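J.: A single structure is presented below for examination.
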Amino acid sequence: MGTVMLVFWAIIGAMALVELIIIITALRTRVQYDPSRGLVGDPRIEVVWVLLPVLILIFVAVLSFQSLREEAESSVTTQVEASAGLVGFYEERG
């Protein structure tokens, strides 16, 4: 279980780093807004373009963390039940 959580947090950290790089790059390469050029340089579109991946990453991270937690809880329950079953088995034989 420890390895799974380590990999999970390594992936979350990598995604956060990539998102930080995207935000820094977007802020450094700002273009003056010119309506004749269409969407290029429109601050509202740039904010949406940067925040959309952030929201997707947060959504995926929350779902992944919940799934990992449920899996960990179910495996602990299964191990406890299996141990209890073995104890009962040995008590009957002994």
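The values are calculated or read from the model by the stated rules, or taken from the named source; none is laboratory data. Just so it is clear, the structure is predicted and the values come from calculations on it, not from any experiment. Quick reminder, even Gly has a Cβ in these numbers, built from the backbone with ideal geometry, and neighbours come from all protein chains shown.
This table checks each residue for (1) surrounded by fewer than 11 Cβ atoms within 10 Å (Cβ to Cβ); (2) in a helix (DSSP H, G or I); (3) β-branched (Val, Ile, Thr); (4) in contact with a Gly (Cβ under 7 Å, 6 or more places away or on another chain).
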{"site": "GLY13", "(1), (2), (3), (4)": "yes, yes, no, no"}
{"site": "LEU17", "(1), (2), (3), (4)": "yes, yes, no, no"}
{"site": "ILE22", "(1), (2), (3), (4)": "no, yes, yes, no"}
{"site": "ALA26", "(1), (2), (3), (4)": "no, yes, no, no"}
{"site": "GLN32", "(1), (2), (3), (4)": "yes, no, no, yes"}
{"site": "ILE45", "(1), (2), (3), (4)": "no, yes, yes, no"}
{"site": "PRO53", "(1), (2), (3), (4)": "no, yes, no, no"}
{"site": "ILE56", "(1), (2), (3), (4)": "no, yes, yes, no"}
{"site": "VAL62", "(1), (2), (3), (4)": "yes, yes, yes, no"}
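J.: A follow-up question, please. Answer yes or no as to whether ALA72 is modelled with pLDDT of 90 or more, hydrophobic (A, V, I, L, M, F, W, C) and either surrounded by 10 or more Cβ atoms within 10 Å (Cβ to Cβ) or more than 13 Å from the chain's Cα centre (by Cα) (or both).
T.: Numbers: modelled with pLDDT of 90 or more: no; hydrophobic (A, V, I, L, M, F, W, C): yes; either surrounded by 10 or more Cβ atoms within 10 Å (Cβ to Cβ) or more than 13 Å from the chain's Cα centre (by Cα) (or both): yes.
Answer is no for this residue.
J.: Please name all residue pairs, on different chains or six or more residues apart, with Cβ atoms under 8 Å, provided the first residue is in the range 29-44 and is of a type outside the set (Ser, Thr, Tyr) and the second residue is at pLDDT 70 or above and exposed (fewer than 11 other Cβ atoms within 10 Å of the Cβ).
T.: Within 8 Å, the pairs are VAL40/ASP34; GLY41/ARG30; GLY41/GLN32; GLY41/ASP34.
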